[in-house]
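Heads up, the thing below is written out as structure tokens.
Any read-out appearing in this document is the output of simple, stated calculations on the displayed coordinates, not a laboratory observation. All figures in this text were calculated on a predicted structure; none of them were measured in a lab. All Cβ positions, glycine included, derive from the backbone under ideal geometry; neighbour counts span all protein chains shown.
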Amino acid sequence: ILSNVSVVPGIDGEKMSKSKGNTIPLFAEDAEIEKLVMSIVTDSSGG
């Protein structure tokens, strides 16, 4: 485990939390996983 990592980012870029609903359930249906993966916030600034 890396000690210099303070949080694991969720799909919205914030701290991952089941209560925030920004996780991808391990046993989700394929369609739900695809929907969640496509909603992941990324850095699209190009730099």
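Tabulated results
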read-out	value
Packing-based ranking, highest mean first, of 7-20, 25-38 given that Cβ atoms within 10 Å are counted	7-20, 25-38
Rg over Rh [alpha-carbon atoms, Kirkwood Rh] for the chain	1.03
Rounded to the nearest 20 debye, dipole of the chain from Cβ charges on Lys, Arg, Asp, Glu	260
Cβ-based net charge around Asn22, under 15 Å, with every Lys or Arg adding one and every Asp or Glu removing one	+1
